[in-house]
Every structure is written in structure tokens, then in C-alpha cells.
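Structure first, commentary second.
The values are calculated or read from the model by the stated rules, or taken from the named source; none is laboratory data. All of these numbers come straight from a predicted model, not from anything done at the bench. All Cβ positions, even for glycine, are placed from backbone atoms using ideal geometry, and neighbour counts span all protein chains on display. Ligands, DNA and RNA are excluded from the accessible area calculation, which covers all protein heavy atoms including side chains. Shrake-Rupley method; radii C 1.70, N 1.55, O 1.52, S 1.80 Å.
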Amino acid sequence: MSVVHQLSAGWLLDHLSFINKINYQLHQHHEPCCSKNEFTTSVYFDSLQVDSVSSSGACATFIASDSTTKPENDDGEYYELFTQKFVFRPELFDVTKPYITPAVHKECQQSNEKEDLMNGVEKEISISIIEKKRKRCAVFNQGELDAMEYHTKIRKLILDGSLQLIQEGLKSGFLNPLFEKQDKCSKPIILPLDTCNLSELCEMAKHLPSLNEMEHQTLQLMEEDTSVTEQDLFLRVVENNSSFTKVITLMGQKYLLPPKSSFLLSDISCMQPLLNYRKTFDVIVIDPPWQNKSVKRSNRYSYLSPLQIKQIPIPKLAAPNCLVVTWVTNRQKHLRFIKEELYPSWSVEIVAEWHWVKVTSSGEFVFPLDSPHKKPYEGLILGRVQEKTALPLRHADGNVIPIPDHKLIVSVPCTLHSHKPPLAEVLKDYIKPDGEYLELFARNLQPGWTSWGNEVLKFQHMDYFIALESGS
């Protein structure tokens, strides 16, 4: 389970554990031979296309963790099965110090005293804040004033609730005090460069011929399916209904598809296959690419305007009583937009506002709580689709299930941009068991969920995983 501790204030989550409890196992087999004593050297992945056993990056070396000899088939041939297990790279959750910036990995501090290091970081932050305030002569715009007012309202809730959960994490050993860690500079994390630009592939897909809208646009990955093309993926919701992981190859890059997962790789202009999926969803989690100044300046990823976000066809995708959860930054403009425009346009009634609090592995906020620039928390707005004929969701005893307000989700964040913590386990008491779940603007896959977005496979790239040795 990803829930390490649950208190009245909220939950302490282990995001890495959640990923690694997914059954990332590949089944591979030697090609059947003509006799019991001969084996060819070819190896086949249980995947979309025939691949060699090695791949680029961290998974370049194949080590079989388990193998069995299958009985002879109808032709009297024998073949051997191998099972290979993968786990997510743990260094991507190695957040040991607060105030995360790229510079943290560029310079190695020589001091062995952790207190001096932390005090130095705090002084740097304070000096930076003072200098910027002086330059602006302490004049704040309306957006900054609104943000300060909002922070004042929730500050005590964030601080008190987080401390309770952090204390539980320290007691259990899930979080470790800073002085217990080795004082050494962390190694730079090498990530895949220019792997497969998924968003560009989505642009290419717009020029492909479209299927009849009435067709059931679903591609179920079969065990022996080796003829799937990129075009097939763009035009259909892809399902892995097996109990094992499969490998998909796009433009020469390999991605792991967890069991019981499905996805659609497209941008917002090509959502029709999802609407043709003939499913409605009991939970819809949305992580929109919000527009902001830093995104405009850096051009790191595309963003959507409020009008484009409103055009997402939630009413067509939502089942009665569907729970809609939207991730939102701390910009009050975005919060007001969700509450006053977005949810009303979708006939969604707000029921709660939760907060994701990001901490280091020693239990410190990743940014100073009162920093005027970046806060160590983000918001989630929860609402339910309202329909005249819809019956309220109920417990077995007949009572309506209320969703509490201002719950906290505390976790060590992934160092990868926008890799949000899983919500399945914290929502389970408030949603329909064995329902249909959808994540929009997803960047990874989950068993039991349908995921959509123009980067939906981003964090499924094999370079983000490592292969376990036998017996691990």
C-alpha cells in the first residue's frame, strides 16, 4: 500500500512503494525448437513487437530472475520461459534536502555539518527574498495579495497536520532525521535525453486518416501480437488486460505497460477515441497544464488556456455521481477559475479542497512554508457531477459518504516534473468499489485506470526503471 500512516489530518504516502508494488514483470520465452535438446538464441518479449533482450539506458543488461521449462507443445517442441522484474529508480525519490533547485546537484558542499548547510540555505533564501522585496519596494500586485491571504487562511492547517503526519513517519522509521543520513553529495541523476517526444508524435497523428467514429476504437494487446504500428496506437485506446507487464516500442524507445491498464496517446484535439470507448467513469482525475509566466518563459511544455480546459468533455465521460479531482497550483486565478467557472460548466459541485504537502525524506518542507515564491504544497479540488436522476453514493449501511474538507496528502515528491502522488488509496472510501477510473493529462499508467494525454507514457520509459537481479 502507498499509505504509510493515516490520521485525522490526512495521509502520509510512499509514492515509490506504490509504483514498485505494481507487477512490473515481463514474461519472455525462447523460440520453440525442433528438438528437446536444441534451443535457439532468439528471445521474445511478451510485447507488441519482437525485440532483443537489451534496451538502452539503465535496463541495458538483462538478468533473468526466474525461468521455467514449458512442456512440449502440439508439435513436440520445448521452450523456456523467463520472468524479469523491474522497479522504479529509487534515486528519483532521493529528496534529502529542502529548497530543491537544479543547483543543488551541481555543487557539492564540503562541510560535514548538516546544521551549517541548512542554515546557509535558509540565509540564502532570506537574503534573496529581502533583495527582491527591496527592488520592488514591497509593492505587491493583486494576485500576490490574494495568494498571501489564502496562505494565511490555510497556514495553520498545513503546519499542524503536516507535523502530526511527519512525527508518525519519524517514529515508524519511514522518515529519517537528517543527522542519521550520511553527509555526502548526491550523485547527479542522469535521465534519458531526447527519448521519444510523445507530444510531437501526437502532432504527427493528426495527419493520419481517422477511423469511423462509430467503430469501437480499442486495441487489446494480445500475447502473440507483433504487428502493431504507431498508427494503430494513435487511433485507439490501448488495453493491457493481462496480469503481466508488456513492452511497447515507439520510434525506437521502449515503454513498460503495467497489467490491467489502458491508455490513449493524443492531445486535446483528438479525444474522440476516448469518447468512443463506450465507458463512463466513476472517478476522473485531472492535472491540467496550467498557464503561468515561468512556463511561457522557459517553453518547457505546452499549456492550455482556461477556454481550452473548459472544452474537455467531462459531462460525456462522467458516470452518475462521478468524483472529479483537479490538481491546481497556488495561483488564486486558477483556484477561482475552477470554483467559479470550470466546475459549474461541467455541472460539478465542489465538495472538498485537499492539499498535497511535499517533504524531504527527513520530514522537512521542500520549500520554506512562508516563502513568497514557491510553497511546499499544491491543491486538489474535489467535486461530484450533479444529475437530476443520480442517486447519492452510499455505504452499505445506507448513509451518504461525506468527503472531508482540507485533508492533507504528505509525501516525498519525485524529482521528475509533475509526477504526482497516486490517489487511488486515499480516495477508496469515497468512490465506487471496482469502478471505472480515468486520469486526464496523465504522464504514467496505473493498473485499473484508463490514462489519457499527449505524454501519457512519459514516466513508463524503460530508462526510469532498473532490472532486478535474481533473488531480489
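Figures for the structure shown
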read-out: Condition broken by residue 307, with the remaining ones in (1) more than 22 Å from residue 12 (Cβ to Cβ); (2) modelled with pLDDT of 95 or more; (3) among the aliphatic types (A, V, I, L, M) satisfied; value: (2)
read-out: First in the range 446-461 and farther than 22 Å from residue 272 by Cβ, second anywhere and open to solvent by 40 Å² or more (accessible area, probe 1.4 Å) and among the polar types (S, T, N, Q), Cβ under 6 Å, 6 or more apart; value: 461/195
read-out: Hits in the range 443-472 (condition: part of a loop (DSSP other than H, G, I, E, B), surrounded by fewer than 23 Cβ atoms within 10 Å (Cβ to Cβ) and either charged (D, E, K, R) or touching a strand residue (DSSP E or B) at 6+ places or on another chain (Cβ under 8 Å) (or both)); value: 443, 446, 447, 448, 455, 468, 469, 470, 472
read-out: Hey, residue 290 farther than 30 Å from residue 219 by Cβ and not polar (S, T, N, Q) or not; value: yes
read-out: Scope the range 242-279; condition assigned to a loop (DSSP other than H, G, I, E, B), more than 17 Å from residue 447 (Cα to Cα) and either open to solvent by less than 30 Å² (accessible area, probe 1.4 Å) or touching an Asp or Glu at 6+ places or on another chain (Cβ under 7 Å) (or both); matching residues; value: 266, 267, 271, 276, 277
read-out: Some residue of the range 414-424 being touching a Lys or Arg at 6+ places or on another chain (Cβ under 7 Å) and closer than 28 Å to residue 158 by Cα; value: yes
read-out: Number of positions in the range 406-434 that are over 21 Å from residue 360 (Cα atoms) and open to solvent by 10 Å² or more (accessible area, probe 1.4 Å); value: 10
read-out: Where a residue in the range 1-22 is open to solvent by 20 Å² or more (accessible area, probe 1.4 Å) and its partner, wherever it lies, is at pLDDT 95 or above and of a type in the set (Lys, Arg), with Cβ under 7 Å and at least six apart; value: none
read-out: Set 423, 369: member being modelled with pLDDT of 90 or more and under 21 Å from the mean Cα position of the chain (by Cα); value: 423
read-out: Pairs, first within 17 Å of residue 82 (Cα to Cα) in the range 239-265, second open to solvent by 10 Å² or more (accessible area, probe 1.4 Å) and part of a strand (DSSP E or B), C-beta under 6 Å, six or more apart; value: 244/25; 244/27; 245/25; 247/45; 247/254
read-out: Filter result (in contact with a Cys (Cβ under 8 Å, 6 or more places away or on another chain) and more than 15 Å from residue 218 (Cβ to Cβ)) within the range 256-279; value: 267, 270
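Residues checked against (1) buried (at least 19 other Cβ atoms within 10 Å of the Cβ); (2) touching a residue at least 24 places away in the same chain (Cβ under 8 Å):
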position	(1), (2)
305	no, no
308	no, yes
311	no, yes
324	yes, yes
340	no, no
343	yes, yes
357	yes, yes
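Yes or no, residue by residue, for (1) under 22 Å from residue 312 (Cα atoms); (2) at pLDDT 85 or above; (3) more than 20 Å from the chain's Cα centre (by Cα):
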| site | (1), (2), (3) |
| --- | --- |
| 230 | no, no, yes |
| 235 | yes, no, yes |
| 238 | yes, yes, no |
| 245 | no, yes, no |
| 255 | no, yes, no |
| 268 | yes, yes, no |
